[in-house]
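Chemist: Pasting a structure here, questions to come.
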Amino acid sequence: MNLLNLYFTPFATALVLVAIYFSEPDKVTKYWSFGILAVSLGVNHWFSKNTYRFFGWATQLKIVQIWLTFLWSAALAYLLMPYWAPMWLLLIMPPVTAALYQDKWKTLGTGVVCGATLLVLYYLRQRSVGLYLGDQRWAMAFSHAAFIPVLGLFVHSLAETALRMRDIGTRT
């Protein structure tokens, strides 16, 4: 969890803050975004400090953290996507987290859920704004959605390779 907190938490925080600062969303969107970001940072900090304190529950707490990350990533993406297009990148965090703590199929499942959620968010925002996206933009949306599970599986493979290399090194 420390690697994820070291790299992805600052990335997500910067992404949200840059989106709010440069795109100047309406006040309601801004306050909801700040609130969700603050809660996510607080809960993430709590998880990073306490997951191993509750050793018997560590696996379940990691799963809860994956899906909480999904919920606030989806909420922030929904709120800020009309103002800042790269917000879809928040949805890569749950499958990358799953890649480090779950098996290949659960990682794939998490990635597919996040990719499908991204398409739903694009659809909902298209309807709420009244803007028809067109074939080219939907093709880009499907590319974004496909990238999410692929990245999760890639990180999972990297983690497994690192473990195999470690195990080979300890045999000698």
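FYI, it's all coordinate maths here, none of it is from the lab. Fair warning: this is a prediction, and the values are worked out from it, not measured in the lab. FYI the Cβ positions are ideal-geometry reconstructions off the backbone, even for glycines, and counts take in every protein chain you see.
Chemist: If one takes the longest principal axis of the Cα atoms in the chain, at what angle in degrees, from 0 to 90 and to the nearest 10, does the Cα axis of helix 27-50 lie?
Modeler: So the helix axis and the longest Cα principal axis differ by about 0 degrees.
Chemist: If you don't mind, another one. Angle check, please: helix 134-171 long axis (alpha carbons) against the longest principal axis of the chain (alpha carbons), in degrees 0 to 90, nearest 10.
Modeler: Computed tilt is about 10 degrees.
Chemist: Next up: Based on Cα coordinates alone, diagonalise the gyration tensor for the stretch 103-165, multiply each eigenvalue by 5, take square roots, and list the semi-axes in whole Å, largest first.
Modeler: 31, 11, 6
Chemist: In which sequence would E24, E160 go, from the one with the fewest C-beta neighbours within 10 Å to the one with the most?
Modeler: E24, E160
Chemist: While we're looking at this one, here's another question. Can you give the FRET efficiency to the nearest 0.05 for W105 and Q136, using r as the Cβ-Cβ distance and R₀ = 30 Å?
Modeler: Plugging the Cβ-Cβ distance into 1/(1 + (r/R0)^6) gives 0.35.
Chemist: Here is a further query. Hey, what did the chain get for relative contact order, percent, Cα under 8 Å, at least 6 apart?
Modeler: Once normalised by length, the contact order is 21 percent.
Chemist: So how much slack lies between N50 and L158, counting 0.36 nm per residue of separation and subtracting their Cα-Cα distance, in nm?
Modeler: Extending this stretch completely gives an extra 36.3 nm.
Chemist: What relative contact order, as a whole-number percentage, does the stretch 100-149 give when Cα pairs under 8 Å and 6 or more residues apart are counted?
Modeler: 61
Chemist: Angle between the Cα long axis of helix 58-80 and the longest principal axis of the chain, 0 to 90 degrees, nearest 10?
Modeler: Here the helix axis deviates by roughly 20 degrees.
Chemist: When Lys and Arg each count +1 and Asp and Glu each count -1, what net charge do the other residues less than 15 Å away from I63, Cβ to Cβ, add up to? Mind showing how you got there, number by number?
Modeler: Values: positive: K62, K106; negative: D103.
With Lys, Arg at +1 and Asp, Glu at -1, the net is +1.
Chemist: What do the square roots of 5 times the Cα gyration tensor eigenvalues come to for the stretch 2-171, in whole Å, largest first, as semi-axes of the equivalent ellipsoid?
Modeler: Computed over the stretch 2-171, the values are 30, 20, 13 Å.
Chemist: For the stretch 102-110, just list the computed ³J(HN,Hα) in residue order, Karplus coefficients 6.51, -1.76 and 1.60, θ = phi - 60°, integers in Hz, with x standing in for Gly and Pro.
Modeler: Values per residue, Gly and Pro as x: 10, 7, 4, 6, 5, 5, 4, x, 4 Hz.
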